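FYI, it's all coordinate maths here, none of it is from the lab. Bear in mind that the values here come from a model prediction, so they are computed numbers and not experimental data. Note that we place each Cβ from the backbone using ideal geometry, even for glycine, and neighbour counts take in every protein chain shown.
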Amino acid sequence: MSTYRFLPGLIIVQSATAALVFAAASDSMRLHWGFVAAAALLLTLIAGFWFASIAEHGRKDSLAAAKEQFARERERLVVAAEAAKRTIVEESHRTILRETNRAHARANFKLGATVVGMIGIAGVLLYIQLFTLALVTLTTAGGALAGYVARARQDARALTMRKLPESLLPASSTVEQTDSQKGSVRLALDRNRSNA
């Protein structure tokens, strides 16, 4: 709070006090000391209330400024926390995707190596004329490959369903949908995808 707010009041109080002292000291006025003391007391009370009012306004201004500063600081902290949270979530999502892709790549390599090995064994068996065993080996390798491809398509379809915009997904309601309703929604979504 600035000291200059009290300066006009101090000047007025000093001027009034000096006037009272000169009035009491002059012989021509012949004032009573009781009147001078009462005037000085009244002047002191008025100046005290005035200075208290100035101080109270200054305190309220300081309190309002502090509250505003704390509100800005709190808002800044909330925004920084949200940004940090978003960064951590994005980083963990990237890490999960990276690890998932790495696991899929290892599984694909192992499956590929297994299928190639089974085809090689089937070729050797054909070469040495064990046709039945060769056909069983080739059928097993083909079945494993077909199963893996079917599973990959299911995963891709599930991922596509998760990424569909909200407008294409059925609206959620409090009533459970029956299996036939869910199937019709899936058929409609498949038709939309095939038409696009």
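Given the Cα atoms of region 1-135, and with Rh set as the inverse mean 1/r over their pairs in the Kirkwood sense, what is Rg to Rh to two decimals? Could the numbers behind the result be given before it?
On the way: Rg = 46.8 Å, Rh = 24.6 Å.
Rg/Rh for region 1-135 comes to 1.90.
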### Task
Using the number of other C-beta atoms within 10 angstrom as an exposure proxy, rank 160, 114, 132 with the fewest first.
132, 160, 114
### Query
Label points 7 Å out from Cα along the Cβ direction at residue 59 and residue 38: separation in nm?
3.3 nm
## Note on the structure
Going fewest to most other Cβ atoms within 10 Å around each Cβ, 118, 161 line up as 161, 118
### Query
So, in nm, how far is label residue 91 from label residue 49 when the simple model puts each one 7 Å beyond its Cα toward the Cβ?
6.4 nm
### Query
According to a simple spin-label model (label point 7 Å from Cα along Cα-to-Cβ), what is the distance in nm between residue 160 and residue 148?
2.2 nm
